[in-house]
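Below is one structure, written out as structure tokens; the observations come after it.
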Amino acid sequence: MLRLKSSLLGTFSPRRRPPNLHPQLSLLYQIGCNFLQIGRIRAMASHIVGYPRIGPKRELKFALEAFWDGKSSVEELQNVAKDLRISIWKQMADAGTKFIPSNTFSYYDQMLDTTAMLGAVPPRYEWTGGEIGFDTYFSMARGNSTLPAMEMTKWFDTNYHYIVPELGPDLKFSYASHKAVTEYKEAKELGVETVPVLIGPVSYLLLSKSAKDVDKSFSILSLLGKIIPIYKEVLDELKTSGATWVQFDEPVLVMDLDSHKLNAFQDAYAQLEESFSGLNVLVQTYFADVLPETYKVVTTLNGVSAIGLDLVRGEKTIELLHSLGFPSDKYLFAGIVDGRNIWATDLSASLKTLKSLEEIVGKDKLIVSTSCSLLHTAVDLVNETKLDDEIKSWLAFAAQKIVEVNALSKALFGEKDEAFFSMNTAAQASRKASPRVNDESVRKMTSALKNSNHRRTTPVTSRPDMQQKRMNLPMLPTTTIGSFPQTIDLRRIRREYKANKISEDEYKKAITEEINKVIKLQEELDINVLVHGEPERNDMVEYFGEQLKGFAFTVNGWVQSYGSRCVKPPIIYGDMSRPKPMTVFWSTTAQSMTTRPIKGMLTGPVTILNWSFVRNDQPRFETCYQIALAIKNEVEDLEAAGIQVIQIDEAALREGLPLRKSEQTFYLEWAVHSFRITNCGVKDTTQIHTHMCYSNFNIIVSIIDMDADVITIENSRSDQKLLSVFREGVKYGAGIGPGVYDIHSPLIPSTDEIADRITNMLGALDMNVLWVNPDCGLKTRKYAEVQPALTNMVAAAKLLRAQLSSAG
């Protein structure tokens with residue numbers, strides 16, 4: 001919402017703009033001009049749930065990393081952050097957005113921000129109270145030289161990661177971060193009235209975990225009464241500062257909730273109701289539909305003025321609105337513009353949906369919104385020079401989605417931009433008919449896949465002996481996950497090659513030298529199964545997408561994964577196939593440098609799917625099967641070239657798992673089937689590995705059904721939760737490598753620490769199936785961290801081998 005002092009309104013005229021205005025006054029002046037234009041649009045009702053914080057060209061990433069490396073000051077980091085926030089608010093104000101969010105910016109993660117707000121700092125960080133500063137904040141996020149970071153896991157079914165709160169019955173809460181109020185005031189000083197966004201109290205608790213050594217009988221929801229007073233303090237301060245709307249993000253409402261959890265929502269908002277006086281309160285959900293019982297609860301919460309619903313992934317919610325109706329005293333924030341993908345909204349179809357909702361809710365109570373925060377999409381299509389005009393016309397990044405939201409809102413109020421709608425209709429038709437999208441030969445091959453389960457002929461329990469005869473590995477074999485540190489020089493070489501500043505021969509020579517360095521280092525460390533380090537790869541998905549037909553690529557289409565880590569998802573726009581081998585040259589080059597086995601490194605079809613912007617004109621499983629066929633061709637070429645160990649990473653298998661349990665079985669069936677397609681034709685002596693990050697071990701039966709010979713899985717940062725699955729009786733006959741140390745932390749584990757972890761693993765797993773490896777790839781770390789950590793890892797494995805041999 002825009003709120004400007006009435007005494008200033010008469011001074012705002014684009015024709016009378018004063019010269020040499022200070023940047024912030026210039027913003028205020030421009031907003032005033034926009035206000036006059038917006039005023040003629042009858043209470044235009046538009047809302048954005050949240051916006052990307054990294055900046056159009058990753059400005060926040062570079063500012064954070066410079067600060068962490070000691071190359072810039074706190075003030076410099078804060079100035080970059082402030083400029084980004086101002087730019088975002090201006091962009092939304094210029095587009096005419098009525099409900100502009102604040103407090104969606106974060107230096108690392110919005111859940112961590114809430115942990116700071118509540119003063120819920122784990123005792124190991126020795127925080128002594130007061131306003132939480134960067135030292136404590138970033139130690140919780142990243143760890144430090146003496147302390148590990150807090151656990152990080154996936155944010156629902158997205159590729160974003162959040163820092164998991166660690167809570168216990170003795171934790172003392174206090175109002176320890178005033179960030180929400182500070183940012184609201186910052187916007188207000190610019191003349192921009194915003195809606196402060198808070199993670200709701202129930203979602204915060206249900207997305208937390210019990211601290212280590214807390215009694216199993218402890219219920220996280222028992223802390224509700226302790227955190228509500230902090231929320232009340234925040235609300236009181238926001239009201240005092242002039243806020244009239246507050247948004248509570250309660251995404252847990254789209255999950256399968258029992259009566260106990262639903263009652264917690266009713267209890268929380270009943271306790272908060274008194275503090276809601278003088279405020280309009282929006283409860284926002286996203287990522288899926290809400291179940292009927294949940295819908296009945298959320299639409300009757302005490303003191304709540306508005307409900308935000310995802311109507312893109314929540315198609316069944318639209319049915320609920322029609323069948324159960326909507327409270328006449330509440331606003332509906334209709335999430336009709338997709339915040340999870342980059343395809344342009346079908347404006348005509350969306351307007352039709354909105355008009356049908358208008359009949360239920362009423363025009364004055366209907367607000368056009370995004371389905372979720374735009375955090376999960378790329379920032380601005382204007383920055384793209386690599387995409388051709390046809391594909392560009394099919395797309396909308398975050399900046400364009402703001403325009404779409406406001407165009408739909410205006411159309412709903414009788415101010416339809418006919419030219420804009422006509423252009424959108426033409427683009428929709430162009431995409432549907434384009435020969436670049438449709439390849440009949442690929443569709444026929446994909447259709448034929450459904451007639452087989454694509455299993456290898458010999459059972460997984462019988463293959464290890466044949467593979468061991470070929471490779472002769474020791475007990476507790478050591479390996480790494482794939483990537484080695486990507487140095488500044490390495491990135492420069494790839495960048496110069498892409499820009500045609502160095503020749504192909506110069507590029508190959510530089511990459512070959514880097515591979516040789518990585519191979520020699522691993523041999524010196526005495527690692528058993530080696531990797532080539534992936535120096536030629538910019539990203540584990542983009543690298544493959546660039547070599548597959550049916551993909552498009554951006555220059556600045558970055559999306560935040562966690563902290564300063566950003567990914568640039570490829571765009572799957574059409575039917576896919578593999579024109580030629582993608583990894584064989586570099587894998588065989590690496591194998592020629594050593595007698596030890598080198599892993600051929602591939603990204604699996606499910607991960608390529610889940611880490612791309614996927615076409616929305618056919619079922620996701622159809623697209624996944626197409627990718628699986630392409631990877632199958634690559635696996636068979638690697639085997640034919642003499643590569644005896646092939647790793648097909650499925651880091652994102654869990655990520656695509658539907659939030660609703662009733663939908664999970666079907667997803668797991670086609671996802672696991674897609675993986676098996678890739679390697680069903682290899683020899684028994686070829687060892688197939690896969691790797692998973694932050695997996696949900698409740699799906700262990702499906703993981704076993706993948707039929708891989710060795711599975712490496714994140715384990716250390718989640719307090720070794722994986723091991724509990726095997727202690728509870730799950731039998732696994734193939735190789736397994738639970739990560740022995742967390743690569744996301746700069747903390748270097750000692751040999752004894754790693755040996756203790758391996759010993760703990762041996763309490764749940766047979767020594768003949770256990771592998772020793774880090775949690776994940778080493779791309780983001782420095783060699784000064786990697787070399788001592790791997791040295792200690794190998795030493796720990798040798799120590800345990802000696803102990804097991806003497807005991808035997």
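The values are calculated or read from the model by the stated rules, or taken from the named source; none is laboratory data. Fair warning: this is a prediction, and the values are worked out from it, not measured in the lab. Please note: Cβ atoms are built from the backbone with ideal geometry, for glycine as well, and neighbour counts cover all protein chains shown. Side chains included, ligands, DNA and RNA excluded: accessible areas come from the protein's heavy atoms. Shrake-Rupley method; radii C 1.70, N 1.55, O 1.52, S 1.80 Å.
Taking every protein chain into account, the 1.4 Å probe leaves Val635 with about 0 Å² of accessible area, to the nearest ten. Look at the dipole of the range 566-721 built from charges on Cβ: of Ile688, Ile713, Phe621, the Cα furthest out on the positive end belongs to Ile713. To the nearest 10, the accessible area of Lys209 is 30 Å² with a 1.4 Å probe.
Just need the relative contact order of the chain here, percent rounded to a whole number, with Cα pairs under 8 Å and 6+ apart.
After rounding, I find 12 percent.
For the range 106-220, the calculated P(r) over all alpha carbon pairs, in 10 Å bins from 0 to the bin holding the longest distance, is 13, 43, 33, 10, 1, 0 percent. Using only the C-alpha atoms, the convex hull of the range 216-352 corresponds to 138 Å³ per residue. Just so you know, the Cα atoms of the range 50-139 work out to an Rg and Dmax of 14.8, 47 Å. Of all DSSP beta bridges in the chain, what percent run antiparallel (nearest 5)? Of those bridges, close to 20 percent are antiparallel. With loop membership from DSSP and a limit of 16 other Cβ atoms within 10 Å, the longest segment of the chain without GluC sites (Glu not before Pro) is 132-414.
Between the helical axis of 23-39 and the longest alpha-carbon principal axis of the chain there is an angle of about 60 degrees. Using a probe radius of 1.4 angstrom, the carbon and sulfur fraction of the accessible surface of the range 245-383 is 46%.
Expressed in Å, the radius of gyration and Dmax of the Cα atoms of the range 285-437 are 16.4, 53. Between the listed residues Thr461, Leu224, His178, the Cα displaced farthest toward the positive end of the dipole of the chain, a dipole computed from Cβ unit charges relative to the Cα centre, is found at His178.
Expressed as a whole percent, how much of the Cα-Cα distance distribution for the range 191-279 exceeds 20 Å? When every Cα pair of the range 191-279 is considered, 41 percent fall beyond 20 Å. Could you give log10 I(q)/I(0) at q = 0.06, 0.07 Å⁻¹ for the chain, computed by the Debye formula over C-alpha point scatterers of equal weight, without solvent? Values, matching the q order: -0.39, -0.54.
Each residue of the range 623-635 is assigned a 3J(HN,Hα), and the resulting list reads 5, 5, 4, 4, 5, 4, 4, 5, 5, 4, 4, 5, 4 Hz, derived from the Karplus form 6.51 cos²θ - 1.76 cosθ + 1.60 (θ = phi - 60°), x at Gly and Pro. Quantify how much of the Cα-Cα distance distribution of the range 91-157 extends past 18 Å, in percent. Above the 18 Å cut-off, the range 91-157 has 47 percent of its Cα pairs. Legend: calculated FRET efficiency, Ser323 to Ser434, from the Cβ-Cβ distance at R0 = 45 Å, rounded to 0.05, equals 0.75.
Kindly identify the range 512-595 as rounded, prolate or oblate by the Cα gyration tensor criterion: order the square roots of the eigenvalues as a ≥ b ≥ c, call it rounded if a/c is under 1.5, otherwise compare a/b with b/c, prolate if a/b is larger, else oblate. Taking the square roots of the gyration eigenvalues as a ≥ b ≥ c, the range 512-595 is oblate.
Ranking His689, His376 from most to least accessible surface, computed with a 1.4 Å probe over the protein chains only, gives His376, His689. Counted residue by residue at 0.36 nm each, then reduced by the alpha carbon distance between them, the extension gain from Ser217 to Thr457 reaches 81.8 nm. Measuring against 31 Å, Cα to Cα, the residue pairs Lys188/Lys209; Lys209/Lys731; Lys209/Lys798; Lys392/Lys517 contain Lys188/Lys209; Lys209/Lys798; Lys392/Lys517 as the ones spanning a longer distance. Once both labels are positioned 7 Å from their Cα atoms along Cα-to-Cβ, the gap between Phe413 and Glu523 label points is 7.1 nm. Listed by chain and number, the aspartates and glutamates whose alpha-carbon sits under 17 Å from that of Lys316, ignoring those within fewer than 8 places in the same chain, are Asp256, Asp289, Glu293, Asp338, Glu663.
Basic side chains Lys and Arg get +1 at the Cβ, acidic Asp and Glu get -1 at the Cβ, and with that the dipole of the range 352-427 about its Cα centre reaches some 260 debye.
Starting from the Cα of Lys683, draw a straight line to each of the lysines and keep only those under 19 Å, dropping any in the same chain fewer than 8 residues away. Within reach: Lys469, Lys599, Lys632. Just the number: Rg to Rh for the range 338-379, Cα atoms, Kirkwood Rh, two decimals. In the range 338-379, Rg relative to Rh is 1.05. Database remark: amide H of Tyr331 closer than 5 angstrom to the amide H of Ala306, Ile307 (H placed geometrically; neighbours at sequence offset of 5 or more, or on other chains; Pro and chain starts carry no H). Per-residue SASA remark: Lys444, around 140 Å² accessible (1.4 Å probe; ligands, DNA and RNA not included). Evaluated over the range 44-150, the count of Lys pairs having alpha-carbon atoms less than 18 Å apart is 6 (only pairs 8 or more residues apart or interchain).
Scaled against 2.2 N^0.38 Å for its residue count N, the alpha carbon radius of gyration of the range 157-239 is 1.31.
To test your reading of the geometry: what angle, between 0 and 90 degrees and rounded to tens, separates the Cα axis of helix 504-525 from the longest principal axis of the chain? The answer is roughly 70 degrees.
Relative contact order, percent, of the range 724-777 when contacts are C-alpha pairs under 8 Å separated by at least 6 residues?
Worked out over the range 724-777, it gives 58 percent.
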